Amino acid sequence: MALPRLRHTALPWMLACLAAGTACATTPPATHPGAGAPFKVVTYSDTFDLAANGTYTRTVHKIIEPLTKNGVQSNGQIQEVVATAMETFHLVSAKTVAPDGKVYPVTKKDVHTQTAPSAADAPTFSDAKIVSIEFPHVERGSKLDITYTMHRFQPYFPNEFSGIDAVPPDQLTGHEQVQVRAPASLKLLTSVRGGYKLSKTVKGNTQIITATLIDPPYHAIPGDAVSAGQFEPMFVATTFPNWQALGDAYWARAAAKTKVTPNVRKLADEITGPKTGRAAMDVLYDWATTRIRWVGIEPGLSGWIPASAGHTLTRRYGDCKASETLLVALLKAKGIHAVPALIDGGSADYKLTHLVNLGIIDHVIVYVPKYKLFLDPTSGFATPGELPAGDVDKPVILASDHSKLARTPAGPASYVQATTETIGANDELQGSGSIHAIGYTDWMMRDILDQMPKAAWPHIVEKVLSSEGLVGTGDFEAANADDLTKPFMVTDHWVAPGYYDAGHIVVLRIHKGFAFTDLGHYLASNASPSKRYPVKREIGSLHFTTSLALPQGYKILATPESGTVKTVAGHFVQTATVDGSMLHLDQTLSLDRVWYPVKDRAALKTLFTEAYRLDRQQVVLERIAAKHQT
């Protein structure tokens, strides 16, 4: 349950792509079932022998067939993460069966165990090991056959069990089967979806639950889809009667960790000084966010048991649970009640499964009931009251003795840009502007710019201008991203020579100049939502005001059209006005939700295509004859 500070999803920001040094692209759909799949899971069998106390032994057998060069590369070595404080791994057999039938067994020298990276960084918190099994003579058409057991001798929660099997649509799969063998007296709840067939039998004192999936449909998942966990074929078996019970179980172990020690109380007093109430909460959150180093923790008991507040205070690092626990203790020291909120912060899971699936919960944040605010102390750059994009519009479990379900807000989030442009000597376009934001948009701006050395900022301006069709140079200034107590503002200035040719008829494109997002590109690339899967649209509200000083000696033949597009998905408003030689263009795109089900596809498509049509319109000028000029 630990996430890195940066959790960008498929947001529309071009600078996110520039920061990563990659191009923004989506995966094209396969032309026919199975086409392009790098490998096929020919068969997968997973058998749980479950005890009443929650311990179990898994026996896994799978055969994987690499179908492409990438499939050979990615499957030639299979890795399993083992939390050595609670489980043991045993390789029963492994071999490569060549296309001609020749068998190449995996030997002891092909099996390697190493410390997981996070365990090396934070051995106090993690005991994770990675077992790597290297298959010899792997080529296209080989069959990689492996059987192993995993013995869980220490459950995450005493007398509880939660297990799932899921097949994402973009994994080519043949035969999938999961079986749970447990005492007949153990109350196990089960559910299936997406083609799994479920059977239950009782033999003596043993109940046997079997879920089977055969040849599920293979589909590419578009990049803007919500998490596959919301729609992929899935089997769940659990002893938890509901999600609140999971919150209760977490709190049973976490409550004592929030103890206010003398050191915690002393620190809280030093941080807050005379401040009380909301002001005290803000500075305590700011301290926890900026002073505690995030360290990722691999699965294990530490994945569900937080370090104590005092321990984290001493170490000054920890995972999300450690930061949450320390912040709850600091707030408690100042008389502010707060509780942990269990959440999926790593992927786009906007709904909980019907039954408890521990795999969905991978993050913990803080909820302060008095102010009705969620705080994420591992966000790095989210100001008090804001959340990073990965946390918004998500179901949460407010953990306590009597846990409750709640939901984080979908916003507000807005990006506001004002740009003034003039046409100078040699027909160059000169521009200056300001940008500010609130909500998860503000978090993203801070996070992205913190990753970019200041020396690279002029290069970033060049790249952004080129995406707008301009060849130019410039620079920008930004407020201190680390100061979460002040608004974050960016100001820019730039110049792009050769903006237009001074002919009889001049057609001008109204450029946004330096922008964190290209509105036109975003509208165009998101105008065709998936017909099959729910999609995410994490933008909130985008507002652009562009003022362009038109060249002298011309009259206006046409300006961009003013118009409004409104659907159940959101709205777009464009207003174009002329004041003397100044053209003012106001544009606002607003989406009041973060994710959209398939039934809203038509509304999204209409909104984006009509908004794109308006945004693409240009200014047409005609030279005024000399005798008519004044």
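Values quoted throughout were computed directly from the atomic coordinates according to the rules given, and no laboratory measurement underlies them. Predicted model only: the values in this text are computed from it and were never measured. When we count neighbours, we look across all protein chains shown, and the Cβ atoms used for this are built from the backbone with ideal geometry, even at glycine.
Holding the Cα-Cα limit at 28 Å, pick out from K394/K531; K197/K536; K266/K454 the pairs that are longer than that.
On the way: K394/K531 23 Å; K197/K536 30 Å; K266/K454 38 Å.
The answer is K197/K536; K266/K454.
Of interest is the spacing of the C-alpha centroids, which for the stretch 50-82 and the stretch 366-438 amounts to 39 Å. Working from Cα pairs under 8 Å separated by at least six residues, relative contact order for the stretch 477-548 is 21 percent.
Spin-label model, L198/E622: points 7 Å from Cα along the beta carbon direction are separated by 7.2 nm.
Among E139, E462, what is the fewest-to-most ranking by other Cβ atoms within 10 Å?
Numbers: E139 12, E462 19.
The fewest-first ordering by Cβ neighbours comes to E139, E462.
Report, in degrees rounded to the nearest 10, the 0 to 90 angle that the Cα long axis of helix 440-450 makes with the longest principal axis of the chain. The two axes meet at around 90 degrees. Match the structure shown to one of the listed values [x] 33.1; [y] 44.8; [z] 29.1 of mean projected area of the Cα convex hull in nm², computed from it, and give that label. Label [x] holds the value from this structure.
Only Lys, Arg, Asp and Glu carry charge here, each on its Cβ (+1 for the first two, -1 for the last two); on that basis the chain has a dipole of about 1680 debye about its Cα centre.
What FRET efficiency comes out for V507 versus T609 if R0 is 30 angstrom and r is the Cβ-Cβ distance? Round to the nearest 0.05. The partial results should precede the final answer.
Values: r = 22 Å, r/R0 = 0.75.
Efficiency for this residue pair is about 0.85.
In the chain, the calculated helix contribution to ellipticity at 222 nm averages -5500 deg cm²/dmol per residue, counting -39,500 (n - 2.57) for every DSSP H run with n ≥ 4. Dipole orientation for the chain: of the candidates F89, N205, P241, N205 has the Cα lying most toward the positive pole (charges on Cβ; Lys, Arg +1; Asp, Glu -1). The distance between label points at A524 and R291 comes to 5.0 nm (points 7 Å beyond Cα on the Cα→Cβ vector). Angle of helix 320-333 to the longest C-alpha principal axis of the chain, folded into 0 to 90 degrees and rounded to 10: 80°.
The calculated FRET efficiency for Y371 paired with T575, based on their beta-carbon distance and R0 = 45 Å, is about 0.75. For the stretch 414-628, averaging the sequence separation of C-alpha pairs within contact (under 8 Å, six or more residues apart) and dividing by the residue count gives a relative contact order of 23 percent.
Just check the stretch 414-628 against the gyration tensor rule for me: Cα atoms, a ≥ b ≥ c as the square roots of the eigenvalues, rounded for a/c under 1.5, and otherwise prolate or oblate depending on whether a/b exceeds b/c. It is oblate, given that a/c is not under 1.5 and a/b is not larger than b/c. Per-residue packing, averaged as other Cβ atoms within 10 Å, sorts the ranges 323-333, 68-78 into the order 323-333, 68-78, beginning with the highest. For the chain, the relative contact order comes to 13 percent (Cα pairs under 8 Å, sequence separation of at least 6). Between the Cα long axis of helix 601-615 and the first principal axis of the chain there is an angle of about 30°, rounded to the nearest 10.
What ranking do 611-620, 202-211, 433-442, 256-265 get when scored by the average of other Cβ atoms within 10 Å per residue, highest first? It would help to have the intermediate numbers written out before the result.
Details: 611-620: 18.0, 202-211: 14.1, 433-442: 22.7, 256-265: 15.9.
Most protected by this proxy first, the peptides run 433-442, 611-620, 256-265, 202-211.
Work out the length of the dipole vector of the stretch 414-628 about its Cα centre, built from +1 on the beta-carbon of each Lys and Arg and -1 on the beta-carbon of each Asp and Glu, and round it to the nearest 20 debye. Let's see the in-between values first.
Working: 20 positive and 24 negative charges, 214 e Å.
Taking the Cα centre of the stretch 414-628 as origin, the dipole is about 1020 debye.
Between V42 and H354, the contour length at 0.36 nm per residue exceeds the Cα-Cα span by 109.5 nm. Applying 1/(1 + (r/R0)^6) with R0 = 25 Å to the Cβ-Cβ distance of K69 and Y104 gives a FRET efficiency near 0.85. Look at the dipole of the stretch 414-628 built from charges on Cβ: of P560, P534, S581, the Cα furthest out on the positive end belongs to P534. Taking 7 Å steps out from each Cα toward its Cβ at T567 and Y500 produces label points 3.3 nm apart. When the square roots of the Cα gyration tensor eigenvalues are ordered a ≥ b ≥ c, the ratio a/c for the stretch 143-302 is 1.5 or more and a/b exceeds b/c, which makes its shape prolate.
With the highest mean first, a sort of the peptides 553-564, 389-400 on other beta-carbon atoms found within 10 angstrom per residue produces 389-400, 553-564. Length gained on full extension, N205 to D427: 71.2 nm, using 0.36 nm per residue less the C-alpha separation. When the Cα positions of H521, A254, A182 are compared along the charge dipole of the chain, A182 comes out farthest toward the positive end, with charges on each C-beta of Lys, Arg, Asp and Glu.
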